[in-house]
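This report refers to the structure that appears directly beneath it.
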Amino acid sequence: MIDKRCKLCLIESRVSDLIRLGYDDKIPDLLEEISNNLKTGKNRDELFVDTFNYIKKLVKNEDPYNDLKNKLNKIGKKVSLSIRDELIKNNWDVNMALKFSAAANILDSNVLGYEPININNALYDEPKLFGDINIPKNEIIYLVLDNSGEVYIDLLLKESLIRNGYNVRTVMRRESYEIDVSIKDEIIPDIVTNGNYSPLRNISNGFLIAKGIANLEAYLFSDHRLRTLHLFRAKCFVLADKFNVKKNTPIIINSENLLKIFKT
């Protein structure tokens, strides 16, 4: 069952896409497409990706947020320099790197109720921790990337893990989805998955560290075979209510605790 507020978020997000991209005349076509998608029984992850793909068709651009992503990457790269210094001073402490990565999930294009915060300040927000952080050293760690800009903080998490003896591989989607990193960005991942659904859907082994809301949702609609650690912010009222936190709170949660919360 999809929360009614998620349906509203879908409509608001995609209409905002068209307005931002200068194609508000296409809104009637978009609303018809959204209506048809809502009747199919698709899960939330599929609804948001499929309707964004329709946006790309309407505006005839395979990466409509490319310019914005480039700007975010410049900001993220600059900010990451000071965070790198912090990690060096703390001997590349993994827990510190995880907190920075979760807090960095402040960038977004369209989420209903989303309130942007200056990333320089946001990085020092203390995440809410649900459950223990147990990252295994005897398995491959797949770091599933999310938004442009914050990806440079995530790459510092990767470096922290490697320096502490973990075998880490970064994963991103090949085709564009909103402001998420994709193959056209300057970031070179270890693994690229085809299409633009969450890369999490293509991983069948190892341990996952998944950034962002889209990857969180993809896991919730998966078979839950893999153990995961999720780093994200509760950017909307639905997530804030579910985790009983203030909106925009950074969260670090393992898959065991995540599934307990959503089962209730």
Q: First compute the accessible area of region 172-227 with a 1.4 Å probe, then give the percent of it belonging to carbon and sulfur atoms.
A: 46
**Q.** Highest average packing first - 157-165, 120-128, Cβ atoms within 10 Å
**A.** 157-165, 120-128
Q) Which one of I133, F262, A218 has its Cα pushed farthest toward the positive end of the charge dipole of the chain, where Lys and Arg give +1 and Asp and Glu give -1 at the Cβ? A) I133
Q. DSSP beta bridges in the chain, what fraction antiparallel, as a percent rounded to 5?
A. 25
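In a shell of Cβ-Cβ distance under 10 Å around I141, excluding I141 itself, what net charge do Lys and Arg (+1) and Asp and Glu (-1) give?
Once all neighbours under 10 Å are counted, the net charge is +2.
Calculate, in nm to one decimal, what N70 and E256 gain on full extension: separation in residues at 0.36 nm each, minus their alpha carbon distance.
Length gained between N70 and E256: 63.4 nm.
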Q. To the nearest 10 square angstrom, what accessible area does K242 show with a 1.4 Å probe?
A. 80
Q) Expressed in nm to one decimal, what extension gain is obtained for the pair Y124 and D190 from 0.36 nm per residue of sequence separation less their Cα-Cα distance? A) 20.9 nm
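Take every Cα pair under 8 Å in the chain that's 6+ residues apart, average their separations, divide by the length, and report that relative contact order as a whole percent.
Averaging sequence separation for qualifying contacts and normalising by length gives 20 percent for the chain.
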Q: Quick one: angle between helix 27-38 and the longest Cα principal axis of the chain, in degrees between 0 and 90, rounded to 10, please.
A: 70
Q) Can you give the alpha-carbon Rg of the chain over 2.2 N^0.38 Å, where N counts its residues? A) 0.96
**Q.** region 11-108, accessible surface, carbon-and-sulfur percent (1.4 angstrom probe)
**A.** 49
Q. Could you name the lysines in cross-link range of K57, using Cα to Cα under 16 Å and dropping any fewer than eight places away on the same chain?
A. K26
**Q.** Nearest-20 debye value, the chain charge dipole, Cβ charges on Lys, Arg, Asp, Glu
**A.** 380
Q. What FRET efficiency do you get for D25 and R174 if R0 is 35 Å and r is their Cβ-Cβ distance, rounded to the nearest 0.05?
A. 0.70
(Q) Less than 11 Å Cβ to Cβ from N202, Lys/Arg counted +1 and Asp/Glu -1: what total charge do the surrounding residues give? (A) +3
Q | Potential lengthening between E62 and N91 on full extension [0.36 nm per residue; Cα-Cα distance subtracted] | A | 6.3 nm
Q. Of the peptides 143-154, 210-221, 245-256, how do they stack up when ordered by the mean number of other Cβ atoms within 10 Å, highest first?
A. 143-154, 210-221, 245-256
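The values are calculated or read from the model by the stated rules, or taken from the named source; none is laboratory data. All figures in this text were calculated on a predicted structure; none of them were measured in a lab. So basically every Cβ, Gly included, is an ideal-geometry build from the backbone, and we count neighbours across all protein chains shown. Ligands, DNA and RNA are excluded from the accessible area calculation, which covers all protein heavy atoms including side chains. Shrake-Rupley method; radii C 1.70, N 1.55, O 1.52, S 1.80 Å.
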